[in-house]
Amino acid sequence: MKVQTAYRILAPGYDWLRPLWAGGILGDAERFLEREILPQQCPPGGVVLDLGCGTGANLERMLKMGIPIRKYAGVDISPAMIRCARRKFSWFRDAQFYLSDLERLPFSDNTFDFAISTWALEHVPQVKLAVDESLRVLKRGACLVLLSHSLPNLPWRIPVYLIKPIFRFAPPMRLLSPRDYSSSDSGDHTWHFAKGLHTLHLLTTEAAT
Ligand SMILES: C[S@@+](CC[C@H](N)C(=O)[O-])C[C@H]1O[C@@H](n2cnc3c(N)ncnc32)[C@H](O)[C@@H]1O
């Protein structure tokens with residue numbers, strides 16, 4: 001099933017389904033993101049990019065947290081998800097939603113002060129290309145936060161393999177490791193949650209000299 005087809009089906013119920021993998025006992029990564037990462041790394045009044053924004057969960061959380069945003073750009077490949085996001089945030093004039101592939105971002109170099117991607121990269125075929133694109137459009141010294149599903153530690157890997165057949169009915173996705181997209185260790189930080197099923201990765205672009 002194509003990603004766009006899957007998210008056309010999922011879009012109407014997406015906001016209710018989301019806590020299944022990102023809330024409750026699986027919510028540690030998002031709680032850490034809200035408690036430790038966003039307050040420290042998202043510069044107040046910044047121009048923010050949300051990669052694979054879906055229905056705008058990250059914009060919603062930043063607004064709830066009271067993080068001042070000068071401009072927000074959400075990018076997603078699914079017309080249905082983008083439509084939901086536009087409808088939800090029609091009142092917020094500083095948000096723009098773009099229908100585009102993360103592998104080819106429609107922005108100039110050095111545009112954004114901060115970028116975030118939650119639960120989206122695992123759907124992207126050329127994940128390294130998408131991360132390089134994100135770094136290209138970030139300003140020097142800016143942060144990119146990536147939260148994705150990853151292969152858990154043993155023995156938690158076993159149930160993941162057992163339920164794998166169910167994923168035939170889900171959007172195409174794979175479990176990622178930072179090694180899939182990060183070539184250098186400098187300035188990178190990685191945290192694991194939910195026995196390794198969730199990985200949060202913080203990359204910083206090289207500061208201007
Ligand atoms: C699980 S949803 C996550 C949405 C949102 N970030 C969140 O945290 O709720 C994954 C999103 O990634 C988008 N996506 C998948 N592949 C993409 C690609 N190549 N380019 C842009 N968006 C993509 C999907 O359309 C979907 O909206």
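The values are calculated or read from the model by the stated rules, or taken from the named source; none is laboratory data. Everything numeric here is computed off the predicted structure, so don't read it as measured data. Neighbour counts run over all protein chains shown; Cβ positions are idealised from the backbone, glycine included.
Restricting attention to segment 36-57, does a residue exist that is surrounded by fewer than 15 Cβ atoms within 10 Å (Cβ to Cβ) and touching a Pro at 6+ places or on another chain (Cβ under 9 Å)?
Within segment 36-57, the first condition is being surrounded by fewer than 15 Cβ atoms within 10 Å (Cβ to Cβ), and the residues that meet it are 36, 39-40, 44-45.
From what is left, the residues that are touching a Pro at 6+ places or on another chain (Cβ under 9 Å) are 44-45.
The answer is yes; a qualifying residue exists.
Would you check which residues across segment 81-93 are crowded, with 20+ Cβ neighbours inside 10 Å and not in a loop (DSSP other than H, G, I, E, B) and list them? Give the derivation first.
Quick first cut of segment 81-93, residues crowded, with 20+ Cβ neighbours inside 10 Å only: 81-82, 84-85, 89.
Hits for segment 81-93 are M81, I82, C84, A85.
So the check is Cβ under 6 Å with 6+ separation or different chains; which pairs have a first residue in segment 179-191 that's among the hydroxyl-bearing types (S, T, Y) and a second one that's modelled with pLDDT of 60 or more?
From residues that are among the hydroxyl-bearing types (S, T, Y), the pairs are Y181/V127; Y181/K128; Y181/V131; S182/D188; T190/P178; T190/H201.
Does A73 satisfy the criteria of being within 13 Å of the ligand (Cβ to nearest atom) and not in a helix (DSSP H, G or I)?
Numbers: within 13 Å of the ligand (Cβ to nearest atom): yes; not in a helix (DSSP H, G or I): yes.
Yes, satisfied.
Among residues belonging to segment 15-36 that are among the hydrophobic types (A, V, I, L, M, F, W, C) and more than 14 Å from the ligand (Cβ to nearest atom), point out the one that is modelled with the highest pLDDT.
Narrowing segment 15-36 to residues among the hydrophobic types (A, V, I, L, M, F, W, C): 16-17, 20-22, 25-26, 29, 32-33.
Keeping just the survivors that are more than 14 Å from the ligand (Cβ to nearest atom) gives 25, 32.
Working: I25: 85, F32: 97.
Applying the filter and picking the extreme gives F32.
Just for segment 1-58: of the residues that are hydrophobic (A, V, I, L, M, F, W, C) and more than 24 Å from R83 (Cα to Cα), which one is farthest from the chain's Cα centre (by Cα)?
As a first pass, look at segment 1-58 and keep what is hydrophobic (A, V, I, L, M, F, W, C): 1, 3, 6, 9-11, 16-17, 20-22, 25-26, 29, 32-33, 37-38, 42, 47-49, 51, 53, 57.
Subset that is more than 24 Å from R83 (Cα to Cα): 25-26, 29, 32-33, 37-38, 42.
Details: I25: 20, L26: 16, A29: 12, F32: 14, L33: 11, I37: 13, L38: 13, C42: 14 Å.
Checking each candidate, the answer is I25.
Out of the residues in segment 42-63 meeting the condition of being over 24 Å from E103 (Cβ atoms) and part of a helix (DSSP H, G or I), tell me which one is farthest from the ligand (Cβ to nearest atom).
Result: L63.
Only one residue in S78, S100, S117 is near the ligand (Cβ under 9 Å from one of its atoms), farther than 21 Å from R18 by Cα and either surrounded by 14 or more Cβ atoms within 10 Å (Cβ to Cβ) or more than 15 Å from the chain's Cα centre (by Cα) (or both), so which one is that? Full working, then the answer.
Details: S78 fails: farther than 21 Å from R18 by Cα; S117 fails: farther than 21 Å from R18 by Cα.
Sole residue among the options that is near the ligand (Cβ under 9 Å from one of its atoms), farther than 21 Å from R18 by Cα and either surrounded by 14 or more Cβ atoms within 10 Å (Cβ to Cβ) or more than 15 Å from the chain's Cα centre (by Cα) (or both): S100.
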